[in-house]
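Enquirer: Encoded as structure tokens, here's the structure I'll be asking about.
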Amino acid sequence: MQPTHSSRRILLPVRNWFIVLTLFLALLLNLIPFGKFPGIPDWVALVLAFWCVHQPLKVGMAAGFVLGLAMDVADASVMGQHALAYVLLAFAAAGLSRRVLWFPLSQQALHVLPLFLGMQLVMMVTRMISGAEFPGVLWFLSSITATLLWHPATYLLLIPQFRPEDKDVHRPI
């Protein structure tokens, strides 16, 4: 059976500093104050899910916990709200990583949509338990936006792995 991916290139190993840099940049993007504008994706969740799917041995629940605590402090939200949601997202994404990678990008996005919706549902329930009001149905629009960004985010985050290696003229492959 032929793979359904449009590219058959072998990727170079990802560098640890690049993973840390992308997660830090996603955290900075989450800190931009957009106000109550619906549909802004949770950048940390998107990048965390991407790395948990593509590198489950390097990025996992510990990264989700640390990033979640950072978002809780920065967002002044219920302590542990983001941490719990990101840990569950990382667990589910790493658990489904082998399955998700078999599909083309459009179907991968459909696989991660329930993960993003589940993460938002956990955050909403945590907020409502602490006394907050229901944020409205438009609050879940950011999961759909993150799902739509899965395709371009994949290409953007894999660019460093597409670097050409130095060719050895004495090797035929």
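The values are calculated or read from the model by the stated rules, or taken from the named source; none is laboratory data. Only a predicted model underlies this, so the values are computations on that prediction, with no experimental measurement involved. Counting neighbours? That spans all protein chains shown, and the Cβs are built from the backbone with ideal geometry, glycine included.
Enquirer: Can you name every residue in the stretch 32-73 that is β-branched (Val, Ile, Thr) and either more than 19 Å from Phe18 (Cα to Cα) or surrounded by fewer than 20 Cβ atoms within 10 Å (Cβ to Cβ) (or both)? First the steps, then the outcome.
Expert: At the first step, the residues of the stretch 32-73 found to be β-branched (Val, Ile, Thr) are 32, 40, 44, 47, 53, 59, 66, 73.
Within the stretch 32-73, Ile32, Ile40, Val66, Val73 qualify.
Enquirer: Moving on. Give the stretch 47-61 a look and list any residue that's modelled with pLDDT of 95 or more and over 14 Å from Ala92 (Cβ atoms), or say none.
Expert: Listed by number, the list holds a single entry, Val47.
Enquirer: Identify the single condition in (1) closer than 26 Å to Phe37 by Cβ; (2) part of a helix (DSSP H, G or I) that Met79 does not satisfy, given that it satisfies every other one.
Expert: Only one criterion is unmet by Met79, namely (2).
Enquirer: Follow-up. Is it the case, given these coordinates, that Gln81 is in contact (Cβ under 8 Å) with a residue 40 or more places away in the chain and under 17 Å from Asn30 (Cβ atoms)? Steps first, answer last, please.
Expert: Values: in contact (Cβ under 8 Å) with a residue 40 or more places away in the chain: yes; under 17 Å from Asn30 (Cβ atoms): yes.
Yes: the conditions hold for Gln81.
Enquirer: In the stretch 9-49, how many residues are β-branched (Val, Ile, Thr) and part of a helix (DSSP H, G or I)? Let's see the steps before the verdict.
Expert: Residues of the stretch 9-49 that are β-branched (Val, Ile, Thr), as a first pass: 10, 14, 19-20, 22, 32, 40, 44, 47.
From what's left, part of a helix (DSSP H, G or I): 19-20, 22, 44, 47.
Total meeting the criteria: 5.
Enquirer: Which residue is nearest to the chain's Cα centre (by Cα), if the candidates are limited to the stretch 56-87 and must be of a type in the set (A, V, I, L, M, F, W, C) and under 14 Å from Met124 (Cα atoms)? Write out each step before concluding.
Expert: Taking the stretch 56-87 first, the residues of a type in the set (A, V, I, L, M, F, W, C) are 57, 59, 61-63, 65-67, 69-71, 73-74, 76, 78-79, 83-85, 87.
From the residues that got through so far, the ones that are under 14 Å from Met124 (Cα atoms) too are 78-79, 83-85.
On the way: Val78: 22, Met79: 21, Ala83: 14, Leu84: 15, Ala85: 12 Å.
It comes out as Ala85.
Enquirer: Which of (1) crowded, with 16+ Cβ neighbours inside 10 Å; (2) over 16 Å from Gly39 (Cβ atoms) is the odd one out, the single condition Tyr155 does not satisfy?
Expert: All conditions are met except number (1).
Enquirer: Just checking, which of Pro172, Pro160, Pro164 is over 20 Å from Pro41 (Cα atoms), part of a helix (DSSP H, G or I) and modelled with pLDDT under 95?
Expert: Working: Pro172 fails: part of a helix (DSSP H, G or I); Pro164 fails: part of a helix (DSSP H, G or I).
Exactly one of Pro172, Pro160, Pro164 is over 20 Å from Pro41 (Cα atoms), part of a helix (DSSP H, G or I) and modelled with pLDDT under 95, namely Pro160.
Enquirer: Quick one: count up the residues across the stretch 93-143 that are under 15 Å from the mean Cα position of the chain (by Cα) and outside any helix (DSSP H, G or I). Steps first, answer last, please.
Expert: So the first thing to find is which residues in the stretch 93-143 are under 15 Å from the mean Cα position of the chain (by Cα), and the list is 93-97, 100-101, 105, 108-120, 142-143.
Applying the additional criterion that residues be outside any helix (DSSP H, G or I) yields 96, 101.
Residues in the stretch 93-143 being under 15 Å from the mean Cα position of the chain (by Cα) and outside any helix (DSSP H, G or I): 2 in total.
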